[in-house]
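Structure first, commentary second.
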Amino acid sequence: MRFFWFVFTISFSIFSYAQQTEHIDRGIVALPVQEGQVYVGWRLLKSDPPNVSFNVFRRDIGFDAYEKVNQHPVDNSTNFIDLDAAPGHGFNYKITTLIDDVEKDSPGEAYVFTLSGNLPWYSIKLKDKVELKRVGIGDIDGDGAYDFVLQYPNINVDPYFRPGYWKRSPEPYKLEAYTSKGRFLWRYDMGWAIETGTWYSPYMVYDIDGDGKAEVYTKSGEGDPREIDGHVLQGSEYLVKLDGQTGELQQKQAWISREGFESYNYWSRNFLTVAYLDGVNPSLIIQRGTYTIIKTIALDKALKPVWEWESTGIYENYKGQGMHGILTGDIDLDGKDELVIGTAALDDNGIPLWRTGLGHNDAGYIADIDPGRPGYEIFYGVESGSPQNGVCLVDARTGEIIWGYEGKTHHVHSQGMIGDLTDEYPGLECYAGEAKGGYKFFLYTAQGKRISDKDLWGLAPRAVWWDDDEQKEICHQNKILEYNGEEKLEIQGNILIVADIIGDWREEIITSLPGELRIYSTNIPADSRKICLMQNHLYRMAVADASMGYYNAPQVGLERE
């Protein structure tokens, strides 16, 4: 077995060497800690050799010259506390690399205005006082820093037919693009043909065409096709490609048709994602359907079909196996991405790999949850009522159920959570809950031991690497908490995403407040360094998915091992 994994590691690294990847800068961030002290953090990159160390430089705004602020090269971490930053000043920070005594500039720069208190966040002011629904993250101007494509207003019209779910859209969605430094670039009106709900309005920010700058892809329509009550039941539907820097329309073609879907509730479920189906080049994936028929199309960089699949004919038993999103990852360890469309998976060629038969799930996460088993596992929380295994762990390569809750569940809700929350047990802990049919909560070890049945963090908490240890903290009710309940920080705003978009290997918490995108980033020094999480393939694919469907927090993949 050990020999197999050695061979796999070597072959995988050779296969993925030419993979189209992002070129990102050092992601430098500077944040006040207390009066006269500034935390500076930056990325360790895959291209850095093991013996790399760093110097930190500061410049007072208004002066040209940088001065080195560290006495000795930083070689055990990718952060530094500047103890001599005068309060009430604006400073720029940059870093240099030292490799075999050769010093080189490294792209990226941070700005901070020093205040007297602890301020572990910075913000981007929006053009209008709107509250955001989603954020897409990508380098749209090619400068190596992550930019933002925002969707607003924060409204969700659900196509479910039960009274009280669907409602008329009060106004069309808008997309707005801002650079990493907060400069407004463009606004795109999605129009009345796209109702204001998660399922009608997926968009994707990613460099599919390979020009080094992320494009924006989204679902589109024409004119105002609404019925008298506000439903959009007919009219043309398109996939559109927008220029990331200008918002201008670059390409437009037909979306997956409504044909074959039984009702408005079922055809209104739409998704976009990205996957490296050949292991080298990104493909755009469009999908329609969740609860009954499912149609999936893979497109190349020119948006030409690579393959098409639907759950009809010999694949009839794949109907209703969808989730509120798509999980992307190399689940069979062949160097190519597969698509986990719910409680079923499609191979890189569009042919189904397996189905569990559990039906529609709300929660789903791919990760190396149990390190004692080879490869990946998937943690599921199943929305469809289940006599057993409504909360379960599945082998990602085969779909085999490894362990599960033996009792009945009615509707396991929302996203749940996985993460290494405590060092008491090996692997990642798995959490989920349900409200329908009486509240139930489930906290399991990676090996399937149920260690709590209490409401610990609601139905949709977020796990985040925040402090200086290996365990994750938990975002719950606008607080960052330790597993034992100790409060680390209070945060403000509606959480949009948790992702390592700047600074060292710890993660940022991005929130929405009226007229503001706020980025919380740790200012706790760590005596460790790890490669930027956004250079981990499984993690990066999950961050790309944050602007479609339900949000599933990113997980670090095996290539980091």
- Task: Could you work out the local net charge near residue 34, counting Lys and Arg as +1, Asp and Glu as -1, over the other residues with Cβ closer than 14 Å to its Cβ?
- Result: -3
- Message: Using amide H atoms built in the peptide plane, which far-off residues or other-chain residues are under 5 Å from residue 479 H to H?
- Response: 491
- Item | Fraction of accessible area attributable to carbon and sulfur, region 212-368 (%, probe 1.4 Å) | 47 percent
- Message: With a cut-off of 8 Å between alpha carbons and a minimum separation of six or more residues, what is the relative contact order of the chain in percent?
- Response: 12 percent
- Roll a 1.4 Å probe over the protein chains and send me the accessible area per residue for the chain in Å². 40 Å²
- Task: Kindly give Rg over Rh for the chain, based on alpha-carbon atoms, with the Kirkwood expression for the hydrodynamic radius.
- Result: 0.96
- Angle between the chain longest axis and helix 2-15 axis [Cα atoms, degrees, rounded to 10]: 80 degrees
- Under a 1.4 angstrom probe, counting protein chains only, how are 449, 336, 219, 174 ranked by accessible area, largest first? 449, 336, 174, 219
- Message: Can you tell me the length gained on complete extension of the stretch residue 316 to residue 487, counting 0.36 nm per residue apart and subtracting the Cα distance?
- Response: 56.6 nm
- Length added when fully stretched, residue 257-residue 111, from 0.36 nm per residue minus Cα-Cα: 47.7 nm
- Task: Any chance you could run the full-extension gain for residue 46 through residue 424? It's 0.36 nm times the residue separation minus the Cα-Cα distance, nm to one decimal.
- Result: 133.0 nm
- Message: At a threshold of 8 angstrom on Cα-Cα distance, excluding pairs fewer than six apart, so keeping six or more, what relative contact order does region 32-72 reach in percent?
- Response: 25 percent
- Task: Starting with the highest mean, order 390-396, 182-188 by the number of other Cβ atoms within 10 Å, averaged over the residues of each peptide.
- Result: 390-396, 182-188
- Task: With the Cα gyration tensor of region 443-497 in hand, give its eigenvalues times 5 under a square root as the equivalent ellipsoid semi-axes, listed largest first in whole angstrom.
- Result: 21, 14, 10
- Task: Tabulate in residue order the Karplus-calculated ³J(HN,Hα) for region 251-268, using 6.51 cos²θ - 1.76 cosθ + 1.60 with θ = phi - 60°, rounded to whole Hz; enter x for Gly and Pro.
- Result: 7, 8, 8, 5, 7, 4, 6, 6, 4, x, 8, 6, 7, 3, 4, 8, 7, 7
- Which percent of the Cα-Cα distances in region 100-159 go past 18 Å? 62 percent
- Message: Could you compute how fast region 327-375 diffuses translationally, taking Rh as the Kirkwood radius over C-alpha pairs and applying Stokes-Einstein at 20 °C with viscosity 1.002 mPa s? Give it in µm² per second.
- Response: 185 µm²/s
- Message: With +1 on the Cβ of every Lys and Arg and -1 on the Cβ of every Asp and Glu, and nothing else charged, how large is the dipole of the chain about its Cα centre, in debye rounded to the nearest 20?
- Response: 1360 debye
- Task: Could you run the Karplus curve 6.51 cos²θ - 1.76 cosθ + 1.60 with θ = phi - 60° over region 124-138 and give me ³J(HN,Hα) per residue in whole Hz, x for Gly and Pro?
- Result: 10, 7, 8, 5, 10, 7, 9, 10, 8, 9, 8, 9, x, 10, x
- Rounded to a whole number of µm²/s, how large is the Stokes-Einstein D of region 308-443 at 10 °C and 1.306 mPa s, given Rh as the Kirkwood radius over C-alpha pairs? 105 µm²/s
- Query: What Kirkwood hydrodynamic radius, in Å, does region 230-322 give when the mean of 1/r is taken over all pairs of distinct Cα atoms and then inverted?
  - Reply: 14.5 Å
- Using the Cα centre as the reference, give the magnitude of the dipole from point charges on the C-beta atoms of region 233-363 (Lys, Arg: +1; Asp, Glu: -1; all else neutral), rounded to the nearest 20 debye. 420 debye
- Would you check the accessible area of residue 466, probe 1.4 Å, heavy atoms only, in square angstrom rounded to 10? 10 Å²
- Cubic angstrom per residue, convex hull over Cα atoms of region 439-561: 140 Å³
- Computed from the beta carbon distance with a Förster radius of 51 Å, FRET efficiency for residue 447 and residue 227 to the nearest 0.05 stands at 0.45
- Task: Determine which lysines satisfy two conditions relative to residue 472: a Cα distance under 22 Å, and not lying fewer than 8 residues away in the same chain.
- Result: 449, 454, 488, 530
- Note on the structure: Once 263, 201 are ranked on solvent-accessible area with the largest value leading and a 1.4 Å probe, the list reads 263, 201
- What ratio of Cα Rg to 2.2 N^0.38 Å holds for region 410-460? 1.10
- Based on the Kirkwood radius over alpha-carbon pairs, what is the Stokes-Einstein translational diffusion coefficient of region 43-98 at 10 °C with 1.306 mPa s viscosity, in µm²/s? 128 µm²/s
- Message: Rolling a 1.4 angstrom probe over the protein chains, ignoring ligands and nucleic acids, what is the accessible area of residue 173 in square angstrom, nearest 10?
- Response: 0 Å²
- Item | Separation of alpha-carbon centers, region 441-513 and region 159-203, rounded to whole Å | 27 Å
- Item | Equivalent ellipsoid dimensions for region 193-265 as semi-axes, Å, which come from the Cα gyration tensor, largest first | 26, 13, 11
- Message: With a cut-off of 8 Å between alpha carbons and a minimum separation of six or more residues, what is the relative contact order of region 252-332 in percent?
- Response: 23 percent
- Computed accessible area, residue 280, all protein chains, 1.4 angstrom probe, square angstrom: 40 Å²
- Query: Cα centroids of region 34-86 and region 114-139: how far apart, whole angstrom?
  - Reply: 23 Å
- For region 387-401, take each phi angle, set θ = phi - 60°, evaluate the Karplus expression 6.51 cos²θ - 1.76 cosθ + 1.60, and give the result in whole Hz per residue in order, putting x for glycine and proline. x, 6, 6, x, 10, 7, 10, 10, 5, 5, 7, 10, x, 5, 6
- Message: Could you check the spin-label model distance between residue 129 and residue 101? Points 7 Å from the Cα along Cα→Cβ, value in nm.
- Response: 6.1 nm
- Solvent-accessible ranking of 248, 338, largest area first, probe 1.4 Å: 248, 338
- Query: Once region 504-561 is represented by equal point scatterers at the alpha-carbon sites, with solvent omitted, what log10 I(q)/I(0) does the Debye formula produce at q = 0.15, 0.24 Å⁻¹?
  - Reply: -0.56, -1.10
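The values are calculated or read from the model by the stated rules, or taken from the named source; none is laboratory data. Computed from a predicted model, the values in this text were never measured in an experiment. Glycine gets a Cβ as well: all are built from the backbone with ideal geometry, and neighbour counts include every protein chain shown. Side chains are part of the model used for accessible areas, which takes the heavy atoms of the whole protein and leaves out ligands, DNA and RNA. Shrake-Rupley method; radii C 1.70, N 1.55, O 1.52, S 1.80 Å.
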